[in-house]
Structures are given as structure tokens and as C-alpha cells.
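S.K.: Questions regarding the structure given below will be posed in turn.
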Amino acid sequence: MKNFLFYFPHLDRLLAVIVFCASFTVYLLTLAPTIYIEDAAEFSASVPTLGIAHPSGFPLYMLLGKLFTILVPFGDMAWRVNLFSAATTSLALAVFYYVLRAFIAPVQVDRFSSAELARLRSLKQSSCENRPNLNRFVCFISALTLGFSQMVWHEATYAEVYPLYFLFAISFLWCLAKWRETKNLRFVYILIFLMGLSLANHLSIIVYFPGIVFFLLLFWNRKILSARGGSAFGGEFYFIVLSIFLFIIPLSLYLYLPIRAAANPEFYFKVLNAGSPAGAADSVEQFAAASLNSSMSLTQNSLAYFSNITVDIFEEFPIIVLIIASAGLFFLFFRDKKLWFIVLVFLGLGSFGVIGGLTHGHPYNGTVWWFLRYFLPYLLIPIVILFASGLSGIFDFLYKLKSLKIISINIKTSVIVIVIVIISSISIQSLAKFWKINDKSQYWMAYDYNTQMLDSLPRNTVLIANNHDMNNDIELFSLAYLQIVEKYRTDVMVISDTPVLRRPEGLKLGIDYFYLSKFEQRLRLIDRSFKFYEKNPPEADGTRKIFTTFPAYTLPDSQYASRSNGIVYQLFKKDEIGRPDFQPISPRNIAADDFPRDDLTRNLASKIMYHRALFWLEQGIRLHQDYGGQSKQKASQTFLRALEIDLPMSEYYGTYLKRRTLLTRPLQTLPQAR
């Protein structure tokens, strides 16, 4: 049995499968059942319809996601797209196991350099032949440690492009590790093809390309090319031509954008190409150029973002992981200086490169920093490589200690067993620490809020949605998913100033619209929408009722009034105020006070509660109550709960206070509701 375990030829494959299955099981148990916040609803709507998402369009993600939803023909469509993230992340972790096996315990040697040959043989003798299963254990635990870090786990449980980005980043390392072991150009060609392919998923991954080139140059040898036969010059020419070809071919996936644009898909984020398929390439080129140029410069703004992200790293792992990773920085330096230097390069690219590439050098902004956190996994990868190096170094030290005769064998063996038990508990610690944070299995807030928003509207209503805050896309993307994919309340015409939704022909906002302040934009949007439907009644029995997702009373110089139905606001002219007829119901997560406390969810939950508080406040005014009755109590309780949940000084807080001030003026100065 011992020999079987020691020489089992497929043990690495088995452990990689276990890494996949263990992580996938956890992700599946904590997977969001439907649309989530951020861009999740956008991808849930665009993937099944082969639509066009926001820049850069993510054509590879669209195609692979669509294929996945076909191969998994059961479950809610949003759940299937969420499941694609879980499967992609688990696959990345299985590949990461092999990356660690190659870096921590190389099993093949460089056939061109005698010095490298001797060094790798020494590494193999010290870390592979004496204790191969301990090294497998190190790689296994390290892969799970990365998979159960807070942000990697978080991104695996809802629809996003980052898990595929994560898979590409790890695949790059696998190719580099295999090429370093074998000097087989096949792995370089695969790497170059994957680099081109990765750009069809997310352009920001380009910030890692300098590190890849640096790795290749650090371990390069001209004999690699001449080994094909013939002169080195001929080999170099063949290598360059084939590399360019392999890199460019996958970029042809961007043809997806003009092809689908010509087909006018149901979900079409037109800012990517404003009505012209030829504009897609320009948008992609501009985004890539801005990201690359900014990632090359280190500014004071970059340092501000970096300091916040550095603090976040301490929240990603149990503290013992970071302690061992620090030791790994020491062990790796003496064990493999080239690899040590490469890890530091990738740490830099995963921090300053991503920060510069995504912030474009703009001043520090808390909202931007929050979204920047979603690129943390690519900074965590080299940290976990250091963690694995630290574990390997610790076991090296313990085995050397075991060979000494100062301490009894039993004590030495007991110490090794205790260390193994402690290391094994790291994954359990991560599960215990992050389960509640990442558990989205009962996350219905976005779905409930937006379905109730549609339910609250009469048939053939116009809904004007316009937001300029952290959650500016959640409503629009969620409504698009419900109407496009689930075909829910398609009678409601949703109008916005964003390119996600099609405005009626003839409803123009003006060329100066986006130069206005956000309040001026809202006022123009409702003014032109109101006048458009007055002049162009869609039904024989009159104009459509118009609702907004914000109170019109709070807009400066507004000639419109609004009344809340607890979720949205019906729009009236100030001399024709009526009253909507709807009783709001809290979304399941808010009613049960069971939702994640991340910034975006808190922002959305507080928004819902502020709208609800205004509803009860208006009810009290309508019934001429002196704010001592039931409506006042409900409004006060709801407001206090919103204040408790909300982020400091959010827009909704200010809107509530302004609306409350207007409502609490003497009753005789207010228009009476009909």
C-alpha cells in the first residue's frame, strides 16, 4: 500500500480532480440562484442572447458562456451563467495545482545548460525523490487556499468575466512552468495563442504581458531555436512568424461585435459602437491604449489605491497564510533566485500594473477602489506561490532536523505531524471565515426588487430609470434581464439615457445632454419623455402613465411632481398630482435581514429602504396625520434602518432629506392630492 501511494502514476491527476471537485462543491453550495448586483445581470442577459455587453464587449466570454448554457440545459438562465463562473474558477484551481507542482518540485531538466541541469537535479533530489507526497500535499493545500480566499470565492459565485480572466492568468503560468522544465517550444506557442485569446475576454490582462516576456527572456537560450535543425537565424524567423500568427488569430473573435451589431441583438450596449459596426474596433483600441499607457506610470494616485489594496490582502487569507508566504519569500530566494525575482515582478504587475491600467491615472475615488478589488485574485496568485514555497521550505527544514540525532525520532515525527495538521486546517479556517460573507445561495434582493418594481406598475407604463451612483447599472441590467430573457412585463417601456435600452424613435435628449449635471440630466430626461408621450399617445384611450426611479420633486426648478408607491415614483405635472395605488412588500433578503454587507449590496438595500420611508412619509401627509401616528412611526423606523445599512453620505440619504424637507412644509403650501 505504501509503495502504491508513493509511486501511483496518476496521483497528481487525482489530486487535481479533487481540487476541482472540492472547490466546485463549495462554489455550488454558495452560488447565487439568480441575478446578482454589479454587472451580473448584464451578463445574464447578454450571454444567452449573444448580445453585446459594455466595452470591451467580451466576445470570448459571450461565446463560451452561451455554449455552457447550452451544455447545462436545466435551471434558471441566470443561475446557469453563474454556474459558468464556478466551473471556470474550479478549472483554474486544478491547473494551478500543476503550476505549483512544476515550480515547487520540477521533475524534468534543461537539456542545454549543465549548470541548470545540476541545479534542477539537486532540487529534484531534495524535494521530489525524498518526499514526493509531501510536495503534492503542499500543492494541494495551496491550490485550495487560493480557491477559498475571499475574493476568488466571491467571484466564482455569480456571472462575471473575472473567473475566465483568472483561468487565463493561471494558464500563462502553467505554460511558462512547462516550458521552463522542458524548453519545448510547443508550450511557448500555446502561451502566445492564449495571450491573444485572453484579450478577447478582458483587455486589462495586457498588463501581465511584460512579465511573461521578462520570464521568457530570463530563461531563454538560443539553442532552443536551433534545436529545430538548421541555423539559429532560420529558427528565429520561423518562431517570430508563427508567434505573430498565433497571437493575431484569436483576436479575430472581435469580429463578433460587428457581426452581432448588424444582427441587432436584444441586448445591445451601444456605447461600444454607436450605431456603426466599424466603431467597435476604435472603442477597443482606445480602451487598450489608455489602460496600457496608464499602467506604465506610477503616480501618487496609484500609491493611494495600492495602500488600500495592501490592507485588503490581510482580509483574504487566515493570518498564518501570510506568515508562511513571508517565509516563502526567504526560502525561495535561496532555492531559486530567478523564480523569486519573477514572482516579485508578477506581484508588481498584479498591483501597480492593474491599478494604473484600470484607473487611468485618475485621482483616488472610493467607488473606483471598490471595483478595483475585483482584480485582487491576480495579486493573490503570486502570494500563494510564495505560500507554497514557504511550506516546502518548512518541510525541508523539518526533514533536515529529522536527520540530526540531537532530538529523538518520535519527537521529530510528532512535530511534522502537528505541522501537517495545522496546514490542513487552513482550508477549514478559510471556509469558516468566509462562508457567510460569500454565501449567495439565498440572494434574491436584486431579483425581488426589480420584479416588484415591474409589478407595481400599471400595464403599458413608461418607467424612466436614471442613476449616477454605485448601483447605476443594477436596475437597468436587471430590468433588461427580466424583460429580455424571462419575458417578464414586456408591456412596460423602460427609458434611460444609457445605451442599454432603446428609446422610442423621436425621443431626443440633445447633443449637450452629457455635459449637464446629473440633476439637470434627470430633469431633461423626464421633461422630454413626458412631452413626447403627450404628443404621441401610444393608445387610443390617452397617454401612458409615467414613473421614475427617483423623486422628481427633488430636482431643481422642476415643473413636475411625483408620488411614491414604495418603490418608484409616479410623475405628474405640479397642478395635476394624483396618487399611485400600490402597497410595497420588502424583498426577501431585506425582510429577513439576511444579505451580505458588501458596499454595493448595502447601497442597494439602503436605497430600497429610503424609498420605502418616503412612501410612508407621503402616506402620512395624504391622510393629514400630524406625524404622531402610524405612518410617522413606520417612516421613522424605515429611515433609521436605512441609515444603519447605508454607506456614509450616500446620494439616497441626501435625496431623502431633501424630499422630507419639502413634504414637511405647512400643508397649505403643498398641492393637494386628488
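S.K.: Is it true that ILE319 is open to solvent by 10 Å² or more (accessible area, probe 1.4 Å), of a type in the set (A, V, I, L, M) and modelled with pLDDT of 85 or more? Explain how you work it out, then say what you get.
M.R.: Values: open to solvent by 10 Å² or more (accessible area, probe 1.4 Å): yes; of a type in the set (A, V, I, L, M): yes; modelled with pLDDT of 85 or more: yes.
Criteria met by ILE319.
S.K.: Within the range 354-365, does at least one residue satisfy the condition of being modelled with pLDDT under 70, among the hydroxyl-bearing types (Ser, Thr, Tyr), closer than 30 Å to ILE437 by Cβ and open to solvent by 50 Å² or more (accessible area, probe 1.4 Å)? Can you show your working first?
M.R.: Looking only at the range 354-365, we keep the residues that are modelled with pLDDT under 70, and these are 354-365.
Keeping just the survivors that are among the hydroxyl-bearing types (Ser, Thr, Tyr) gives 359, 364.
If we keep only those that are closer than 30 Å to ILE437 by Cβ too, we end up with 359, 364.
Among the residues that remain, those that are also open to solvent by 50 Å² or more (accessible area, probe 1.4 Å) are: 364.
Yes, the range 354-365 contains at least one residue that is modelled with pLDDT under 70, among the hydroxyl-bearing types (Ser, Thr, Tyr), closer than 30 Å to ILE437 by Cβ and open to solvent by 50 Å² or more (accessible area, probe 1.4 Å).
S.K.: Still on this model: With the condition kept exactly as written, say whether any residue in the range 224-241 is at pLDDT 60 or above, among the hydrophobic types (A, V, I, L, M, F, W, C) and either under 25 Å from LEU379 (Cα atoms) or not in a helix (DSSP H, G or I) (or both). First the steps, then the outcome.
M.R.: Keep residues of the range 224-241 that are at pLDDT 60 or above, which gives 224-225, 235-241.
Those left that are additionally among the hydrophobic types (A, V, I, L, M, F, W, C): 224-225, 237, 239-241.
Those left that are additionally either under 25 Å from LEU379 (Cα atoms) or not in a helix (DSSP H, G or I) (or both): none.
No, the range 224-241 contains no residue that is at pLDDT 60 or above, among the hydrophobic types (A, V, I, L, M, F, W, C) and either under 25 Å from LEU379 (Cα atoms) or not in a helix (DSSP H, G or I) (or both).
S.K.: For the condition at pLDDT below 75, closer than 30 Å to GLY510 by Cβ and open to solvent by 20 Å² or more (accessible area, probe 1.4 Å), what is the one hit in PRO584, PRO556?
M.R.: Working: PRO584 fails: closer than 30 Å to GLY510 by Cβ.
The unique qualifying residue is PRO556.
S.K.: So GLY566 fits all but one of (1) at pLDDT 75 or above; (2) open to solvent by 30 Å² or more (accessible area, probe 1.4 Å); what number is the exception?
M.R.: Of everything listed in (1) at pLDDT 75 or above; (2) open to solvent by 30 Å² or more (accessible area, probe 1.4 Å), GLY566 misses just condition (2).
S.K.: Tell me, which helices (runs of 4 or more DSSP H) lie completely within the range 433-535 with 1 or more residues that are at pLDDT below 85 and surrounded by 15 or more Cβ atoms within 10 Å (Cβ to Cβ)?
M.R.: On the way: elements: 445-455, 474-484, 518-535.
It comes to 474-484, 518-535.
S.K.: Criterion first (closer than 27 Å to TRP444 by Cα, open to solvent by 40 Å² or more (accessible area, probe 1.4 Å), of a type in the set (A, V, I, L, M) and outside any helix (DSSP H, G or I)) does LEU50 satisfy it? Even if it seems obvious, please write down each step before you answer.
M.R.: Numbers: closer than 27 Å to TRP444 by Cα: yes; open to solvent by 40 Å² or more (accessible area, probe 1.4 Å): yes; of a type in the set (A, V, I, L, M): yes; outside any helix (DSSP H, G or I): yes.
In short, yes.
S.K.: Scanning the range 69-92 for residues that are β-branched (Val, Ile, Thr) and closer than 11 Å to SER44 by Cα, which turns out surrounded by the fewest Cβ atoms within 10 Å (Cβ to Cβ)? Give the derivation first.
M.R.: Within the range 69-92, the subset β-branched (Val, Ile, Thr) is 69-70, 72, 81, 88-89.
Within this subset, residues satisfying the condition of being closer than 11 Å to SER44 by Cα are 69, 81.
On the way: THR69: 19, VAL81: 31.
Top of the filtered list is THR69.
S.K.: Kindly establish whether PHE187 is touching a Lys or Arg at 6+ places or on another chain (Cβ under 7 Å), modelled with pLDDT of 90 or more and either assigned to a helix (DSSP H, G or I) or surrounded by fewer than 23 Cβ atoms within 10 Å (Cβ to Cβ) (or both).
M.R.: Numbers: touching a Lys or Arg at 6+ places or on another chain (Cβ under 7 Å): yes; modelled with pLDDT of 90 or more: yes; either assigned to a helix (DSSP H, G or I) or surrounded by fewer than 23 Cβ atoms within 10 Å (Cβ to Cβ) (or both): yes.
Answer is yes for this residue.
S.K.: Among TYR36, TYR61, which is buried (at least 21 other Cβ atoms within 10 Å of the Cβ), modelled with pLDDT of 90 or more and in a helix (DSSP H, G or I)? I'd like the intermediate steps shown before the answer.
M.R.: Values: TYR36 fails: in a helix (DSSP H, G or I).
Among TYR36, TYR61, only TYR61 is buried (at least 21 other Cβ atoms within 10 Å of the Cβ), modelled with pLDDT of 90 or more and in a helix (DSSP H, G or I).
S.K.: Follow-up. Can you tell me which of (1) open to solvent by less than 30 Å² (accessible area, probe 1.4 Å); (2) of a type in the set (Ser, Thr, Tyr); (3) modelled with pLDDT of 90 or more is the one TYR98 doesn't meet?
M.R.: Condition (1) is where TYR98 drops out.
S.K.: Among PHE140, PHE74, PHE168, which is the only one that is touching a Ser or Thr at 6+ places or on another chain (Cβ under 9 Å), of a type in the set (A, V, I, L, M, F, W, C) and at pLDDT 80 or above? Talk me through it step by step, then tell me what you get.
M.R.: Values: PHE140 fails: touching a Ser or Thr at 6+ places or on another chain (Cβ under 9 Å); PHE74 fails: touching a Ser or Thr at 6+ places or on another chain (Cβ under 9 Å).
It is PHE168.
The values are calculated or read from the model by the stated rules, or taken from the named source; none is laboratory data. Treat the numbers as computed from the prediction; the structure is a model and nothing was measured. Counting neighbours? That spans all protein chains shown, and the Cβs are built from the backbone with ideal geometry, glycine included. Surface areas here come from the heavy atoms of the whole protein model, side chains and all, with no ligands, DNA or RNA. Shrake-Rupley method; radii C 1.70, N 1.55, O 1.52, S 1.80 Å.
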